[in-house]
Amino acid sequence: MSEGTSLRALVVDDELPALSELTYLLDRDPRVAEVTTASSATEALKALETRTVDVVFSDIKMPGLDGLDLARVLARFARRPQVVFVTAYDEHAVDAFEVRAVDYVMKPVRAERLAEAVRRVVDAGSPEPAGATTADETIPVELGGVTRFVQRSQVRYVEAQGDYARLHTEDGSHLIRVPLSTLEERWGEAGFVRIHRSTLVSLAHVDEVRTDGGRCTVRLGGTELQVSRRHTRDLRARLGRPVGLTRDR
């Protein structure tokens with residue numbers, strides 16, 4: 001989906017002032033061609049029976065089906081709309097990641113922050129087939145008590161830390177409450193491969209793979225990681241090139 005694409009959006013919020021404000025801001029964005037509204041998740045699903053949308057902007061805490069429930073239903077659609085949560089509560093950021101939301105916008109909504117969310121929707125592409133994982137993801141991380149966001153494409157490698165995982169980017173690392181096994185399953189199609197029982201690497205960031213005395217290692221920038229014997233064959237197959245060949249940058 002290019003910058004010139006006109007988005008069809010559905011806004012879901014049980015509070016009329018919030019619904020009206022978000023609709024107003026989206027109407028002013030030139031990338032948004034159509035905005036439909038619903039005051040509940042149930043009403044939203046009824047609306048989606050007769051129309052197709054590219055993105056759903058939804059509150060999380062709503063009577064009956066909440067925004068997370070709605071996202072889980074949307075995930076089963078043949079063509080799944082992108083989902084952006086717009087909420088006054090930051091404690092659901094990890095849940096939003098687990099249902100693969102494109103963004104997580106805090107209320108009160110600022111026009112420039114919403115514009116950034118629309119950009120992420122555009123970058124993520126058209127409504128995707130159910131179960132697709134190749135579009136870039138936005139991962140909420142906690143930093144100094146503030147929820148920030150990291151793109152999956154920025155993650156170079158991931159280390160297991162119990163039931164948590166530490167994401168390593170060029171600028172630092174972030175701990176998230178998601179097991180490494182879950183990330184391996186979800187990010188496999190995006191080029192992440194396990195090289196050790198506690199390590200997952202992004203092949204896009206691998207500069208070099210080499211063997212020395214039967215010991216295999218990968219280099220990502222200035223970081224060198226060991227590949228276990230049981231994962232060496234799979235890594236070699238995924239790379240499709242001889243071990244020891246340096247990547248051209």
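The values are calculated or read from the model by the stated rules, or taken from the named source; none is laboratory data. Since the structure is predicted, the reported quantities are computational estimates derived from the model, not experimental observations. Note that each Cβ is placed from the backbone with ideal geometry, even for glycine, and that neighbours are counted across all protein chains shown. Heads up: the accessible areas ignore ligands, DNA and RNA and are worked out on the full protein's heavy atoms, side chains in. Shrake-Rupley method; radii C 1.70, N 1.55, O 1.52, S 1.80 Å.
If you go through the range 181-216 and keep only what is under 20 Å from the mean Cα position of the chain (by Cα), among the β-branched types (Val, Ile, Thr) and open to solvent by 20 Å² or more (accessible area, probe 1.4 Å), you end up with just 182.
Of note, residue 35 satisfies the criterion of being open to solvent by less than 70 Å² (accessible area, probe 1.4 Å), of a type in the set (A, V, I, L, M), part of a strand (DSSP E or B) and modelled with pLDDT of 95 or more.
Do we find a residue being in contact with a helix residue (DSSP H, G or I) (Cβ under 6 Å, 6 or more places away or on another chain) and small (Gly, Ala, Ser) anywhere in the range 211-233? No, every residue in the range 211-233 fails to be in contact with a helix residue (DSSP H, G or I) (Cβ under 6 Å, 6 or more places away or on another chain) and small (Gly, Ala, Ser). Only one of the numbered conditions (1) touching a residue at least 40 places away in the same chain (Cβ under 8 Å); (2) closer than 18 Å to residue 103 by Cα; (3) open to solvent by 60 Å² or more (accessible area, probe 1.4 Å) is violated by residue 7, and that is (3).
If we keep just the residues of the range 18-32 that are assigned to a helix (DSSP H, G or I) and open to solvent by less than 40 Å² (accessible area, probe 1.4 Å), which is nearest to residue 8 (Cα to Cα)? Can you show your working first?
Just the residues of the range 18-32 that are assigned to a helix (DSSP H, G or I), to begin with: 18-27.
Cutting the leftovers down to open to solvent by less than 40 Å² (accessible area, probe 1.4 Å) gives us 18-19, 22-23, 25-26.
Numbers: 18: 19, 19: 16, 22: 14, 23: 12, 25: 14, 26: 10 Å.
The qualifying residue nearest to residue 8 (Cα to Cα) is 26.
Only one entry in 114, 68, 45 is part of a helix (DSSP H, G or I), touching a strand residue (DSSP E or B) at 6+ places or on another chain (Cβ under 9 Å) and open to solvent by 20 Å² or more (accessible area, probe 1.4 Å), namely 45.
Residues considered: 47, 101. Of these, the only one that is under 24 Å from residue 125 (Cβ atoms) and touching a helix residue (DSSP H, G or I) at 6+ places or on another chain (Cβ under 9 Å) is 101. Name the single residue, out of those in the range 142-197 being of a type in the set (Gly, Ala, Ser) and not in a loop (DSSP other than H, G, I, E, B), that is farthest from residue 219 (Cα to Cα). Within the range 142-197, the match that is farthest from residue 219 (Cα to Cα) is 181.
Scan the range 81-97 for residues that are out of contact with any His (no Cβ under 8 Å at 6 or more places or on another chain) and buried (at least 16 other Cβ atoms within 10 Å of the Cβ) and jot them down.
Looking only at the range 81-97, we keep the residues that are out of contact with any His (no Cβ under 8 Å at 6 or more places or on another chain), and these are 81-84, 86-97.
Those that are out of contact with any His (no Cβ under 8 Å at 6 or more places or on another chain) and buried (at least 16 other Cβ atoms within 10 Å of the Cβ): 81, 82, 83, 84, 86, 87, 92, 93, 94, 95, 96, 97.
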